[in-house]
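Working notes for the structure below.
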Amino acid sequence: MSIVTLTMNPAMDIAASTAVVRPTDKMRCTTPRFDPGGGGINVARTVVALGESVTAVFPIGGPEGIQLAELVRVTGVPMRTVSVSEPTRQSLSVTDESCGAQYRFVFPGPRLSSAEQHRCLVEVERAAGAARLVVASGSLPPGVPDDFYQRLADLLGELDIPLIVDTAGAPLHALRRGIRLLKPSVRELSDLVGHALPDRGSQLAAARDLIVNGVTEIVVLSLGSAGALLVTAENEEYFAPIRSTVASGIGAGDAMVGGLAVGLLREYALGDAVRLGIAAATAALATPGTQPGEPGRITELFGTLTAPERSGVWT
């Protein structure tokens with residue numbers, strides 16, 4: 001049994017660096033690196049790195065879509081693609097070598113028709129027949145209604161297949177019910193509740209409101225460099241981060257979701273599933289572009305995080 005991921009707004013991720021970023025001037029960049037991008041695709045790459053089976057579902061259009069599908073194939077991720085009329089988007093990141101700052105330019109993506117959206121749901125339903133878990137991750141492209149992930153949750157609820165969601169903005173606001181696990185960042189959760197969440201007490205309260213209101217059963221709140229917070233109806237647990245050298249921050253959150261999904265697939269205790277997610281995210285930080293962490297490094301970091309002194313229940 002496997003994991004299915006859905007990426008409604010995939011991208012061809014282009015990454016390069018230049019000596020210094022400044023306005024107006026032409027900036028000569030290094031040879032670009034091309035990676036298949038988009039939340040669910042990045043999640044799937046981490047699942048494969050951890051040795052589990054996965055199917056990535058995503059729309060493709062134009063020459064960019066063909067190139068994206070080929071890059072996904074090279075990574076070893078099985079896929080189901082949906083042909084759409086408009087071209088797949090590209091995203092660009094440029095690192096300023098003088099200071100290490102990374103500038104990320106994200107474009108909106110193709111406009112999907114109602115028929116194209118429906119075919120994406122059909123492909124997920126077909127792939128989910130042999131799955132134990134579905135992950136929907138990333139933004140929605142133009143033309144896709146804000147409640148698309150809620151429609152997916154309702155569909156999977158009828159099939160009794162749990163859903164993990166990692167999204168932001170309007171699609172996050174539109175979620176109402178049926179999510180097994182929701183993974184927002186502090187910024188995304190703050191935007192959802194409409195006010196800042198400066199401390200763990202406010203973060204915990206906001207996360208638990210989502211559970212009490214029936215939106216999700218579990219919240220894993222990403223605190224970035226400060227770690228993560230796991231919240232259920234009965235318990236909460238804080239997880240300290242692992243310090244790591246950062247080669248690229250792109251896709252680290254998706255790697256965390258990939259580790260979480262694998263932990264749930266393997267029926268780990270929730271705390272250990274979060275630890276695997278943190279290990280996968282930390283390992284991904286050390287790799288270029290959106291490349292997932294090395295499997296051996298993920299295993300090593302997971303072992304570090306399972307040491308008793310590294311985590312604890314927060315009250």
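Quick notes on this one:
- Taken over the range 186-224, the criterion of being surrounded by 12 or more Cβ atoms within 10 Å (Cβ to Cβ) and acidic (Asp, Glu) is satisfied by Glu188, Asp191, Asp209, Glu217.
- Looking only at the range 1-37, and only at residues there that are part of a loop (DSSP other than H, G, I, E, B) and either of a type in the set (Gly, Ala, Ser) or under 15 Å from the mean Cα position of the chain (by Cα) (or both), the one that is surrounded by the fewest Cβ atoms within 10 Å (Cβ to Cβ): Ala19
- Close contacts from the range 69-97, counting a first residue that is assigned to a loop (DSSP other than H, G, I, E, B) and a second that is among the hydroxyl-bearing types (Ser, Thr, Tyr), with Cβ to Cβ under 6 Å and a gap of 6+ residues or different chains, come to Pro78/Thr55; Glu97/Ser17.
- Ile278 vs. criteria under 14 Å from the mean Cα position of the chain (by Cα) and assigned to a helix (DSSP H, G or I): yes
- Out of Leu159, Leu133, sole residue that is in contact with a helix residue (DSSP H, G or I) (Cβ under 8 Å, 6 or more places away or on another chain), of a type in the set (A, V, I, L, M, F, W, C) and surrounded by 15 or more Cβ atoms within 10 Å (Cβ to Cβ): Leu133
- Test: residue in the range 38-57 that is more than 22 Å from Ala130 (Cα to Cα), within 16 Å of the chain's Cα centre (by Cα) and touching a residue at least 24 places away in the same chain (Cβ under 8 Å): yes
- Residue within the range 109-126 that is at pLDDT 95 or above, in contact with a Gly (Cβ under 6 Å, 6 or more places away or on another chain) and polar (S, T, N, Q) present: no
- Residue within the range 240-253 that is among the aliphatic types (A, V, I, L, M), within 21 Å of the chain's Cα centre (by Cα) and crowded, with 23+ Cβ neighbours inside 10 Å present: yes
- Of the residues Leu172, Leu71, the single one that is aliphatic (A, V, I, L, M), closer than 18 Å to Asn9 by Cβ, in contact with a helix residue (DSSP H, G or I) (Cβ under 7 Å, 6 or more places away or on another chain) and surrounded by fewer than 21 Cβ atoms within 10 Å (Cβ to Cβ) is Leu172.
- In the set (1) of a type in the set (Val, Ile, Thr); (2) under 20 Å from the mean Cα position of the chain (by Cα); (3) under 20 Å from Lys26 (Cα atoms), the condition left unmet by Val124 is number (3).
- Of everything in the range 253-272 that is part of a helix (DSSP H, G or I) and among the acidic types (Asp, Glu), the residue that is nearest to Val135 (Cα to Cα) is Asp254.
The values are calculated or read from the model by the stated rules, or taken from the named source; none is laboratory data. Values in this document were obtained by computation on a predicted structure and should not be read as measured data. All Cβ positions, glycine included, derive from the backbone under ideal geometry; neighbour counts span all protein chains shown.
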